[in-house]
Amino acid sequence: MKSPTLSQLRAFSAVAEHLHFRDAAAAIGMSQPALSGAVSALEESLGVQLLERTTRKVLLSPAGDRLAARARTVLEAVGELMEEAEAARAPFTGSLRFGVIPTVAPYLLPTVLRLVQDRYPELDLQVHEEQTASLLDGLAHGRLDLLLLAVPLGVPGVTELPLFDEDFVLVTPQGHRLGGRDDIPRDVLRDLDLLLLDEGHCLRDQALDVCRDAGRTGGAPVTASAAGLSTLVQLVAGGLGVTLLPRTALRVETGRSEHLSAGFFAAPAPSRRVALAMRSGAARQGEFQEFAAALRKELASLPVRIAAG
C-alpha cells in the first residue's frame, strides 16, 4: 500500500467537509478535475472506497467517515509543524495570516499596514476580513494566525492581547434633538428607533447589550438593518432612525454625508474593547505580543484609551 500524499489528504478532507466536489475544490484552490483525481488516487493507494458518488450528491462511505477524522488530524499536525518551522526563522518574516472584523478593518488597517511596512518589511501580511465566528473558526483550524476584533470572546484556547477601549457615539440625522450633545444619558436608548447591522456582526450584539443596559425591553429595537456601517449611516442620513458607531469609525462614516450629526454619551459612556487574539501557546506567541505592544503605540493618536500590555 502506497503512502498517501498531503495533496491527496487535503483534497479528501475538503470533500468530506463540503460533500460537494465544486465547493471543496474552491475551498482549497484546486481545480475540480485535479481534486477528483487526487481523491481517486487516495482510494487506490489505501485500497478502500472513501466516497459514494451519485449523480446528485456525494456521501462518505463508512470507511471514509472513519478516515476523514484521521486525515484532519494529519493535516493539522502538518500545519503545526509548518508553524513551528516558521517561528524558528527570524521573527517577523514569512507570512502572517491576519483576520479582522468588518467594523474594525476600514478604520484600523491603515495603522496596521503602516506599522508592518515601516517596522517589519520582511513580513508578508495576508489580510482576511470576516465576521467573528468565521475568524475564530479559521484561528482554531490553522487557516489564520492572528485576529483583530472586539472582545471579550470567552473562547477556550484563545489568548486575547488587549489594544484599546473606545466609546460608542450616537449618530443621528442632521437636526435631531440629540445631535451635537456631549451629555446624552444612556436611558434615551429606550425610546429611539435604533438601526443595527445584520445578524452575525459582533457590533450588533454589542449595541443590543448597550440597549439592555439602558433598560430597553420588549424585543430587538430594530427598524432596519444593514450589512455594513457605510450603509447603516446612509439609512440614518435618510431619516430612518439613529445608530451607534464605535468612536474610531466616526470620522470616516459621518464624513460621507452632510446630513448626519453625532452625539456623545455622558460618562461613563458605553464602550467596547478591541484586541488581538491568537491561539494559546502559539509558536509565535512572543512575536505576537511584541506586535501588540508596537501597535498600541501606533494607535495612541486615535480617540481611544490604550489598554495596558
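Since every read-out is calculated from the coordinates, none of them should be taken as a lab result. In this text, all values refer to a predicted model and were calculated from it rather than measured experimentally. No Cβ is skipped: glycine too gets one built from the backbone with ideal geometry, and neighbour counts run over all protein chains shown.
Observations on the model:
- Applying the criteria of a DSSP loop state and at most 11 other Cβ atoms within 10 Å to the GluC sites (Glu not before Pro) of region 113-188 yields 122.
- Antiparallel bridges, percent of DSSP beta bridges restricted to the chain (to nearest 5): 65
- Loop-located GluC sites (Glu not before Pro) in region 167-259, at most 15 other Cβ atoms within 10 Å (DSSP): 199, 258
- Within-15-Å neighbourhood charge of residue 102 [Cβ basis; K, R +1; D, E -1]: -4
- Size of region 46-129 as Cα extents on the principal axes (Å, biggest first): 53, 33, 16
- Computed over the chain, the percent of Cα pairs more than 29 Å apart is 49.
- Across the chain, C-alpha contacts under 8 Å between residues 6 or more apart give a mean separation that, scaled by the residue count, equals a relative contact order of 21 percent.
- Cα-based Rg and Dmax for region 1-158, where Dmax is the largest Cα-Cα distance (Å): 18.6, 54
- Neighbour-limited loop hits for trypsin sites (Lys or Arg not before Pro), region 234-301 (at most 13 other Cβ within 10 Å; DSSP other than H, G, I, E, B): 256
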